[in-house]
Amino acid sequence: MIKRYKKLYYLGLLATFLFISNAQSNETTPFTESVVIFNTICAKCHEAQCSGRMSFDDASEASRNHIIRYYGDAKDKKWLQKELFTILNHMKEKCAYYPMESPLPLKRVWSSDVLDKMTTLLERNYFIPLGSFSPGKYYINLELEKNAKITVHLVSEEFEMVIEDCFTPDNKKLEIPFSITDKGNYYFRMYPKKSIRIVSLAVKGVDE
Ligand code: HEC
């Protein structure tokens, strides 16, 4: 008798586990490429647009040309147009960045193979979730492929800009200090003047 209950108990556990992991994988569907495009290119106008819903029911079809105007590469990619549309919908309804599947690297050091997935190929705009920070003083260490002017943003999950500035690297390296006053998730964004790759990115606490 007890044995039977045990079996049921484990089956229940398994079902719960399957349910949870399935729900999670749905929630974090990796639209990585589209999320990066949206959060760099479309973000210029659509970031923090929290109006609750789309204007039209057929907005997806209606906005096709609009999307292509700002991201020409989406012209023959229906899936990309669709994903970009879904991401704007998420921004409007949840007032939040679309979740990205990007496990935080150990010690907050990102190497180029990971970074290459968080950039738009042509422009080399980057959008990288840096994870959760507690209040304190930190700095970003950037190593670039070449010396070129870049614009860097550090944005909170509430869309507050902590860094919004233009930098010129010295010998392909940059150290950018910043302070966090509100605990939460933060996101790094980079717009280079010329298309350049990030070789490595690290974030350290001042006392580390
Ligand atoms: C220069 C500013 C600008 C850029 C860049 C821009 N948009 Fe828009 N977009 C607008 C404006 C203005 C509207 C019409 C008003 C509104 O809904 O915000 C709009 C409307 C839309 C709509 C219809 C929304 C609705 O409620 O019906 C979609 C979808 C959309 N944009 C997607 C995108 C995507 C995807 C990108 C990036 C590839 C992008 N936009 C880039 C300014 C911009």
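Put simply, the amide H of GLU157, placed in the peptide plane, has neighbours under 5 Å in ASN185, leaving out anything fewer than 5 places away on its chain. Shown in residue order for segment 123-133 are the 3J(HN,Hα) couplings computed by the Karplus curve 6.51 cos²θ - 1.76 cosθ + 1.60 at θ = phi - 60°: 7, 6, 7, 10, 9, 10, x, 9, x, 8, 10 Hz (x for Gly and Pro). Ranking of SER200, SER51 by neighbouring Cβ atoms within 10 Å, starting from the fewest: SER51, SER200. Going 7 Å from the Cα of LYS173 along its beta-carbon direction, which residues of segment 105-146 have the amide nitrogen within less than 19 Å of the resulting point? Hits in segment 105-146 for LYS173 at 19 Å: 108-112, 138-146. Proximity of backbone amide H atoms, modeled 1.01 Å from N, is registered between SER200 and GLU143 at under 5 Å, excluding neighbours fewer than 5 places apart on the same chain. Of the chymotrypsin sites (Phe, Trp or Tyr not before Pro) found in segment 35-113, those that fall in a DSSP loop while having at most 12 other beta-carbon atoms within 10 Å are PHE56.
Peptides 165-171, 193-199 ordered by packing proxy, namely the average of other Cβ atoms within 10 Å per residue, highest first: 193-199, 165-171.
Taken together, the values in this text are just the output of simple stated rules run on the coordinates, not laboratory data. Bear in mind the structure is a predicted one, so any value in this text is a computation, not a measurement. All Cβ positions, even for glycine, are placed from backbone atoms using ideal geometry, and neighbour counts span all protein chains on display.
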